[in-house]
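Read through the structure below, which is laid out as structure tokens, and then see the notes.
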Amino acid sequence: MFEALLAEPCEVRMSIRQSPFAQEGLTGRRVTRGWLAYLIALAVLLVVQIGAISALAIAFPVPAGSPMAQVQEAIGDVIAILVIVLWVVLFERRSLATLGLHRPGRGIVNLLVGIAAGIGLVSVPVLALLFTGAYVVVDTPAGTTSGFSALPMVLAMLTLVVVQGGGEEILFRGFLLQNQINKVPAWLAVLLPAFVFTVVHQVLSKPLPFITIFAYAVFASLIVLRNNSLWGIMGLHAGWNWAMGYLYGIQVSGLPNKTETIVNIAPADAAPEWLTGGSFGTEGSIAAAATILAAAVVAFLALRKRAKAWPENPAPVAPGTPAEAVPAAD
């Protein structure tokens, strides 16, 4: 579908390489080689981030799904983010803003809007399954807290979930997607990082979770390209995960349930796994897959419309060009 950007029914031909987001990836004094970008992304995720989280879990054992487990994950995420930031700033010699992090003040507003959008988006399949009886509200499990008494901790966890979701977006969309746009065909620049993102979620053998997470990765890429910004998708990613885990008490990507939730929703005994997602959570349901696929179509149409405003033949960006000199698309 990305080739449609090259075949508008008007005189102007479009390509995502003309996007400000793609152009800003060339503003550094060095541009990371494509294959190396994948190695860096995987090393940061599998060695740095997971290594840090595992080390903390060994040194300071905490219950799975607890607030302290979320803190340990956030620490690993922060370390991973710092590694990517240092690579971009010190090796590529370009501004951190060029990763899609322009205008922090306005960015925070977009982040909050994204959080609300993420809560709304995940509520579509969750509430649909609840209203049809495929999901049911269950009693608070032993050793956990829910309801009004859990509200302060649930709200506090939102900040940490923003760090977690934001870290993944910076790594896969801000760094890897931006790098690939200028090196391979458009479809491959979007789909291959999305595939890697899906693989690291360990869903290759699970068809519906694979479809949902892969479709989300494509959707997120299209949103970033359309907005020339990570702020909104970082918020949406966080809002989706936070609402599923802390608001509704559902497993997120097969991880243990949270110990602090507002309500606790679980699949009904007679409901099939393909409908509810089973132990993987809502992301493993056909309802979530359909919701994200529909969102991806909307995002593509929005990107296609925005692409009409991009310059037809943008001047090549010379290494070291200040980010401010690249036209923005806000």
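Suppose we filter the range 234-251 for residues that are polar (S, T, N, Q) and either in a helix (DSSP H, G or I) or under 10 Å from the mean Cα position of the chain (by Cα) (or both); how many remain? Lay out the reasoning, then the answer.
Keep residues of the range 234-251 that are polar (S, T, N, Q), which gives 241, 251.
Adding the requirement that they be either in a helix (DSSP H, G or I) or under 10 Å from the mean Cα position of the chain (by Cα) (or both) leaves 241.
The total comes to 1.
If you scan the range 152-193, which residues turn out to be free of Cβ contacts under 8 Å to residues at least 60 places away in the same chain and closer than 20 Å to residue 113 by Cβ?
Listed by number, the residues that qualify are 155, 159.
Starting from the range 200-228, take each residue that is farther than 30 Å from residue 103 by Cα and in a helix (DSSP H, G or I) and list its partners that are open to solvent by 10 Å² or more (accessible area, probe 1.4 Å) and hydroxyl-bearing (Ser, Thr, Tyr), counting only C-beta distances under 8 angstrom and pairs at least six apart or across chains.
Hits for this filter: 209/253.
Being out of contact with any strand residue (DSSP E or B) (no Cβ under 8 Å at 6 or more places or on another chain), closer than 30 Å to residue 40 by Cα, open to solvent by 30 Å² or more (accessible area, probe 1.4 Å) and not in a helix (DSSP H, G or I), is that true of even one residue in the range 83-93?
Yes, some residue in the range 83-93 is out of contact with any strand residue (DSSP E or B) (no Cβ under 8 Å at 6 or more places or on another chain), closer than 30 Å to residue 40 by Cα, open to solvent by 30 Å² or more (accessible area, probe 1.4 Å) and not in a helix (DSSP H, G or I).
Could you count how many residues in the range 24-44 are open to solvent by less than 20 Å² (accessible area, probe 1.4 Å), in a helix (DSSP H, G or I) and either basic (Lys, Arg) or out of contact with any Ser or Thr (no Cβ under 7 Å at 6 or more places or on another chain) (or both)?
Restricting attention to the range 24-44, the residues satisfying the condition of being open to solvent by less than 20 Å² (accessible area, probe 1.4 Å) are 24-25, 27-28, 32, 34, 37, 41, 44.
From what is left, the residues that are in a helix (DSSP H, G or I) are 24, 34, 37, 41, 44.
Retained after the next criterion (residues that are either basic (Lys, Arg) or out of contact with any Ser or Thr (no Cβ under 7 Å at 6 or more places or on another chain) (or both)): 34, 37, 41, 44.
Of the residues in that region, 4 qualify.
Condition first: under 20 Å from the mean Cα position of the chain (by Cα) and free of Cβ contacts under 8 Å to residues at least 60 places away in the same chain. Now tell me which residues in the range 261-287 satisfy that.
Within the range 261-287, 281 is the sole residue that qualifies.
Please find, among 266, 215, 290, the residue that is modelled with pLDDT of 95 or more and open to solvent by 50 Å² or more (accessible area, probe 1.4 Å).
Numbers: 266 fails: open to solvent by 50 Å² or more (accessible area, probe 1.4 Å); 215 fails: open to solvent by 50 Å² or more (accessible area, probe 1.4 Å).
Residue meeting the stated conditions: 290.
Do we find that residue 151 is in contact with a helix residue (DSSP H, G or I) (Cβ under 8 Å, 6 or more places away or on another chain), over 23 Å from residue 298 (Cβ atoms) and assigned to a helix (DSSP H, G or I) in this structure?
On the way: in contact with a helix residue (DSSP H, G or I) (Cβ under 8 Å, 6 or more places away or on another chain): no; over 23 Å from residue 298 (Cβ atoms): yes; assigned to a helix (DSSP H, G or I): yes.
So residue 151 does not fit the description; no.
Given the residues 305, 258, which is the only one that is without any contact (Cβ under 8 Å) to a residue 24 or more places away in the chain and either assigned to a strand (DSSP E or B) or among the basic types (Lys, Arg) (or both)?
Values: 258 fails: without any contact (Cβ under 8 Å) to a residue 24 or more places away in the chain.
None of the others qualify; the one that does is 305.
The values are calculated or read from the model by the stated rules, or taken from the named source; none is laboratory data. Please read these numbers as outputs of a predicted model, since none were measured by experiment. Reconstructed Cβ throughout: ideal geometry from the backbone, glycine too, with neighbour counts over all protein chains shown. The area values use the complete protein model at the heavy-atom level, side chains included, leaving out ligands, DNA and RNA. Shrake-Rupley method; radii C 1.70, N 1.55, O 1.52, S 1.80 Å.
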